[in-house]
1. When Leu118 is evaluated against the numbered criteria (1) open to solvent by less than 50 Å² (accessible area, probe 1.4 Å); (2) free of Cβ contacts under 8 Å to residues at least 12 places away in the same chain; (3) under 24 Å from Arg23 (Cβ atoms), which criterion, by number, is the only one it fails?
2. How many of the residues in segment 175-207 are surrounded by fewer than 18 Cβ atoms within 10 Å (Cβ to Cβ) and assigned to a helix (DSSP H, G or I)?
3. Might you let me know whether segment 52-65 holds any residue that is open to solvent by 80 Å² or more (accessible area, probe 1.4 Å), in a helix (DSSP H, G or I) and either basic (Lys, Arg) or within 30 Å of Tyr287 (Cα to Cα) (or both)?
4. Is it the case, given these coordinates, that Leu84 is open to solvent by 50 Å² or more (accessible area, probe 1.4 Å) and either touching a Lys or Arg at 6+ places or on another chain (Cβ under 8 Å) or modelled with pLDDT of 80 or more (or both)?
5. Consider only pairs whose beta carbons are under 8 Å apart and that are at least six residues apart or on different chains; among these, list those whose first residue lies in segment 27-45 and is closer than 15 Å to Tyr270 by Cα and of a type in the set (D, E, K, R) and whose second residue is modelled with pLDDT of 75 or more and surrounded by fewer than 20 Cβ atoms within 10 Å (Cβ to Cβ).
6. Quick one: which of Ala119, Ala95, Ala73 is assigned to a helix (DSSP H, G or I) and more than 23 Å from the chain's Cα centre (by Cα)?
7. Taking only pairs six or more apart or across chains, which ones have beta-carbon atoms under 7 Å, a first residue in segment 157-180 that is touching a residue at least 40 places away in the same chain (Cβ under 8 Å), and a second residue that is open to solvent by 50 Å² or more (accessible area, probe 1.4 Å)?
Amino acid sequence: MMAPRDIIARAWVITKNEQQIRRWGYASALLETLLNVKLFSYQVWFFISYMQGDPIGFFQVEEMIFQSVPFWAFLTFIIFLIILVIVELLFPHMAKGAIIGLAAKAQKKEEVKGGLVLAIYNFFPIFAIHEFFILSRIPATITVISLLLRYGGAMAPLGIAIVSTLFLASNILKFFLIFAEEAVVIRKHGIGDALKASFKLVISYLAHIVFLLLLFFVIVLRIAANALMIFLIPGIILGIGFALTFVLSHALSYAIGGLIGLVLIIFASYLFAYLEVFGQTVWTLTYMELCKLKELDIIDVD
């Protein structure tokens, strides 16, 4: 079996050399960044209004747009927004299947193609696995807490405590089921079998996986720092837009700020794509190497 350092080195080589995989990673990272920036910007606005004692409603932005533009423009915006959000929510699940499958092909020295087939064929099981851990994701947890603060009333503190507990529990469980997606894509397991296979692998080789996780964390820590851009981008957009209002009209100022923000999102997504592909390839290669080992609960009697 390859040593953890060799796995990480090989994963980085695949990430750098396989443009086909990076394309899927970039598309996924761009859509996820767009969604997270929208969610975070809205939650910042809600937090500020909440601290001022007048929290905004859930559809406050849409109400403001409805009052400011013609109906046809508002309807076009809403339809576009709904379609964009649906794509942002669903496409990363497809991309995950493509990245895993193409990385496995690259490791086996096969031709790196067929990403669309891998994406579509593995979409539903990967989607189900991801949604099983929906509260392990920070944006989803923040959104639920925000809803509780808006509409939870006296039950909001209890609800927040429950959500926070589920967040921790989901992340712990997610660690033990970390290879479920690889089992679906590479071994063609069903959802239940994939979850069981992942749990068994992690339990069997826990020390190896923890060491790999720590090594991987140290290596990508510098790259992961770029993720802070997702928090900086909304501030940059609003700051530039506000500053320009002193010399330009409000509409033009915020349009320029939004354009600059879009450029920053594209740049940030390029960095996130490398991190996404690299991280996923590390676990794909680890899964492939662990599958070569003998299962610890199997005893040969011959």
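1. Leu118 satisfies every listed condition except (2).
2. Qualifying residue count, segment 175-207: 12.
3. Scanning segment 52-65, I find no residue that is open to solvent by 80 Å² or more (accessible area, probe 1.4 Å), in a helix (DSSP H, G or I) and either basic (Lys, Arg) or within 30 Å of Tyr287 (Cα to Cα) (or both), so the answer is no.
4. Details: open to solvent by 50 Å² or more (accessible area, probe 1.4 Å): no; either touching a Lys or Arg at 6+ places or on another chain (Cβ under 8 Å) or modelled with pLDDT of 80 or more (or both): yes.
It is false that Leu84 is open to solvent by 50 Å² or more (accessible area, probe 1.4 Å) and either touching a Lys or Arg at 6+ places or on another chain (Cβ under 8 Å) or modelled with pLDDT of 80 or more (or both).
5. Pairs found: Glu32/Glu88.
6. Values: Ala119 fails: more than 23 Å from the chain's Cα centre (by Cα); Ala95 fails: more than 23 Å from the chain's Cα centre (by Cα).
Criteria check complete, one pass: Ala73.
7. Leu177/Phe199
The values are calculated or read from the model by the stated rules, or taken from the named source; none is laboratory data. Note that the structure is a prediction, hence the values are computed from the model and not measured. In this analysis, Cβ positions are derived from the backbone assuming ideal geometry, glycine residues included, and neighbour counts consider all displayed protein chains. These area figures cover heavy atoms from the full protein model, side chains too; ligands, DNA and RNA do not enter into them. Shrake-Rupley method; radii C 1.70, N 1.55, O 1.52, S 1.80 Å.
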